[in-house]
Amino acid sequence: MLAGMPPIIPGGKIDPAMLPTSLGVTRELEPHYRKLKAEEEKLRHDLDAKQDKLRQGLAVWDRLELESKAWKTRVDFNEQSMMGLTEGPAF
């Protein structure tokens with residue numbers, strides 16, 4: 001039973017020599033299948049790159065949003081302080 005199983009290759013890939021027998025792909029369809037697998041890997045790589053770019057953009061957005069809130073708090077505090085100075089007992 002174990003003798004009929006494909007060998008284990010580091011990285012979780014299937015041995016290319018065992019591909020037709022392990023997946024039931026005929027020799028006629030093997031080139032098309034390999035092309036589809038290569039296209040799938042390319043699309044996955046592109047998707048990962050897009051998601052990384054989006055993740056970085058969102059991190060920048062979050063950081064800028066926090067800075068904006070901090071500056072708004074400072075401005076509000078300064079306005080209150082100025083109002084307290086102009087409406088004090090001297091006026």
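Within the range 41-91, the set of residues being within 30 Å of K13 (Cα to Cα) and either of a type in the set (G, A, S) or in contact (Cβ under 8 Å) with a residue 12 or more places away in the chain (or both) comprises just one member, A49. In a helix (DSSP H, G or I), at pLDDT 80 or above and polar (S, T, N, Q) - does that describe any residue in the range 22-41? No, the conditions are met nowhere in the range 22-41.
The values are calculated or read from the model by the stated rules, or taken from the named source; none is laboratory data. Note that the coordinates shown come from a computational prediction; the quantities given were computed from them, not determined experimentally. Quick reminder, even Gly has a Cβ in these numbers, built from the backbone with ideal geometry, and neighbours come from all protein chains shown.
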